[in-house]
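The values are calculated or read from the model by the stated rules, or taken from the named source; none is laboratory data. These figures come from a predicted structure and were not determined experimentally. All Cβ positions, glycine included, derive from the backbone under ideal geometry; neighbour counts span all protein chains shown. When the accessible area is computed, the model is the full protein with side chains, heavy atoms only, and any ligands, DNA or RNA have been set aside. Shrake-Rupley method; radii C 1.70, N 1.55, O 1.52, S 1.80 Å.
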Amino acid sequence: MGIHHAKAKKRNYILMTGAFTICITLFLTFSTLVDFMQNAFVPPVYTPELSIASETNTCSIESEMLAQIKKNDDVKRAYGRMFAYDVPSENSGKSYNANLISYEENQFQWAADSLVAGSIETVMQQENQVLFVQTGNVNVQVGDKITLSINNTKKTVTVAGILSDSPLARVKGTETFFCSEATFTALTGETGYTIIDIQFENNASSEDVNAIKNIFTNGGVIFSDSLSQVQQQRNLYYTFAVLVYGFLSIIVAITIFHIMNTINLGVAAKMKEYGSMRAIGMSNRQLIKMIIAEAGTYAISGVIWGCIIGLPMHWVIYVSLITNIWGTAWSVPFIPLILIIAIVLLTSLLAVKGPAKRLQRMSIVENISAQ
């Protein structure tokens with residue numbers, strides 16, 4: 001009966017449903033700013049704030065230097081990479097050059113987002129296992145055996161995983177393999193690093209950077225300091241985050257007040273009808289159920305139409321702001337969608353409590369005579 005009552009007046013039903021729809025559509029549309037903000041201002045998780053590279057691009061940085069850097073309390077994370085460039089490689093009768101790069105635990109974890117086949121754990125835990133970056137130049141499958149010519153010696157490795165891309169696969173025509181440090185040492189005999197990347201704690205300063213630089217008194221390395229730039233990006237992100245989340249909070253607040261006000265006004269406008277229903281024998285409990293069903297009809301209809309209109313709007317803006325710039329594919333925004341739907345449904349349910357209590361306190365005569 002509540003559903004019928006909600007749909008009886010077409011104009012009122014359309015206006016109520018439309019109001020819910022607009023609130024949901026606005027929230028979904030502007031929630032794309034959160035993704036835009038994260039892509040535009042948040043540095044990738046692997047971004048170093050200080051890089052120390054071998055001057056000769058060889059594995060000349062001793063591993064003890066990395067251990068010494070990690071002892072610094074202002075260093076949040078430090079990790080190194082060993083490089084072997086232009087390694088002659090062969091599989092399935094096809095020859096090509098490849099760069100062999102070592103990874104440690106942090107870097108393997110970050111690479112997991114680009115894994116399209118195979119297992120990263122296998123590469124981490126077993127020797128002579130590698131990750132292959134898919135470029136389209138060479139057809140490599142998980143389980144393939146690849147022969148590497150290192151120091152005039154043939155070495156065989158197994159492809160345990162395939163990555164869709166990597167920030168280190170930058171040399172056109174040269175393939176890229178990643179392996180564990182143990183595998184790299186077993187293949188090449190090298191124990192030193194080609195580059196060490198460092199991430200500092202949030203309160204780090206240029207003095208902390210200089211303290212790390214002072215460790216390398218013997219030279220032979222090149223420093224790349226980007227601490228101030230990364231910190232500026234983070235500060236810009238925090239500033240923009242306050243604006244974005246503040247704006248979304250305003251939309252949520254407007255939605256809540258609008259729903260409560262609309263349902264209150266709707267009940268007040270139908271006070272005589274409710275009084276007549278009580279006069280012909282409808283109990284207070286039945287009347288409240290009917291009001292809940294009526295409010296729920298508006299809310300559910302608004303949610304359905306909000307999804308129908310809001311999701312395409314979200315897709316259009318997401319593709320324009322994010323996909324076309326950073327290449328990130330659109331996906332259904334489940335968290336914002338569930339959040340706004342829960343707010344709409346819960347607010348609609350709570351908004352009924354006030355009018356319901358008011359109806360219970362009023363006599364049937366007062367209901368019928370209410371203006």
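On the full set of protein chains, 1.4 Å probe, figure out the accessible area of ARG77 and give it in Å² to the nearest 10.
60
Straight-line reach from LYS357: which aspartates and glutamates have a Cα under 19 Å away, not including same-chain ones fewer than 8 places off?
GLU273, GLU294, GLU366
Percent of Cα-Cα pairs more than 27 Å apart in the range 72-208, please.
On the way: 1890 of 9316 pairs.
Distances greater than 27 Å cover 20 percent of the Cα pairs.
Cα gyration tensor of the range 105-154, axes a ≥ b ≥ c as square roots of the eigenvalues: rounded (a/c below 1.5), prolate (a/b > b/c) or oblate? List each step's numbers first, then the result.
Values: a/c = 1.99, a/b = 1.32, b/c = 1.51.
Cα axes put the range 105-154 in the oblate bin.
Solvent-accessible area of MET37, probe 1.4 Å, all protein chains present, reported in Å² to the nearest ten, please.
0
Considering every pair of different Cα atoms, what Kirkwood radius, in Å, is found for the chain?
Working: mean 1/r = 0.0388 Å⁻¹.
When all Cα pairs of the chain are included, the Kirkwood radius is 25.8 Å.
For the range 152-170 and the range 21-82, what is the separation of their Cα centres, given in Å?
Each part reduced to its Cα centre gives a spacing of 23 Å.
How far apart, in nm, are the 7 Å Cα→Cβ label points at SER63 and SER92?
The modelled label-to-label distance comes out at 3.5 nm.
Filter the GluC sites (Glu not before Pro) in the range 178-209 down to the DSSP loop ones having no more than 16 other Cβ atoms within 10 Å, then list what survives. Provide the component values of the computation, followed by the final result.
Details: sites: GLU181, GLU190, GLU201, GLU207; in loops: GLU190, GLU201.
Passing both the DSSP loop test and the Cβ count: GLU201.
Please work out how much length the chain gains when fully extended from VAL171 to THR153, using 0.36 nm per residue of separation minus the C-alpha to C-alpha distance, in nm with one decimal. All intermediate terms of the calculation are to be shown ahead of the outcome.
Working: separation 18, 0.36 × 18 = 6.48 nm, distance 2.42 nm.
Taking 0.36 nm per residue and subtracting the Cα distance, the gain is 4.1 nm.
Can you list which of the DSSP-assigned H helices in the chain have a Cα extent of 24 Å or more along the long axis and an average Kyte-Doolittle score of at least -1.0? Don't skip to the answer; put the middle values down first.
Details: long enough: 10-30 (30 Å, 1.10); 227-269 (62 Å, 1.02); 284-318 (48 Å, 0.93); 334-351 (25 Å, 2.93).
Length and hydropathy pass: 10-30, 227-269, 284-318, 334-351.
When a/c reaches 1.5 or more, the comparison of a/b and b/c decides; with that in mind, is the range 133-247 rounded, prolate or oblate per its Cα gyration tensor?
Details: a/c = 3.27, a/b = 1.52, b/c = 2.15.
Judged from the Cα gyration tensor, the range 133-247 comes out oblate (a/c at least 1.5, b/c at or above a/b).
Using R₀ = 51 Å, calculate the FRET efficiency as 1/(1 + (r/R₀)^6) where r is the Cβ-Cβ separation of LYS213 and ASN264; round to 0.05.
On the way: r = 66 Å, r/R0 = 1.30.
Once the sixth-power term is evaluated, E becomes 0.15.
In the neighborhood of GLU181, defined by Cβ-to-Cβ distances under 12 Å, what is the net charge if each Lys or Arg adds +1 and each Asp or Glu adds -1?
Details: positive: ARG81; negative: GLU104, GLU105, GLU127, GLU190.
Net charge around GLU181: -3.
At 1.4 Å probe size, what's the solvent-accessible area of ASP225? Round to the nearest 10 Å².
Roll a 1.4 Å probe over it and ASP225 shows about 80 Å².
Residues of the range 235-260 with backbone nitrogen within less than 12 Å of a virtual label 7 Å along the Cα-to-Cβ line of ILE325, please, listed as ranges.
none
Which pairs in the list LYS94/LYS172; LYS155/LYS213; LYS94/LYS154; LYS145/LYS172; LYS71/LYS155; LYS76/LYS145 are over 26 Å apart, alpha-carbon to alpha-carbon? Spell out each step's value before the answer.
On the way: LYS94/LYS172 17 Å; LYS155/LYS213 37 Å; LYS94/LYS154 15 Å; LYS145/LYS172 23 Å; LYS71/LYS155 36 Å; LYS76/LYS145 38 Å.
The answer is LYS155/LYS213; LYS71/LYS155; LYS76/LYS145.
Residue by residue through the range 99-112, what is 3J(HN,Hα) from phi via Karplus (6.51 cos²θ - 1.76 cosθ + 1.60, θ = phi - 60°)? Round to whole Hz and write x for glycine and proline.
Rounded to whole hertz, the list is 9, 9, 10, 8, 10, 10, 3, 4, 5, 5, 4, 5, 5, 4.
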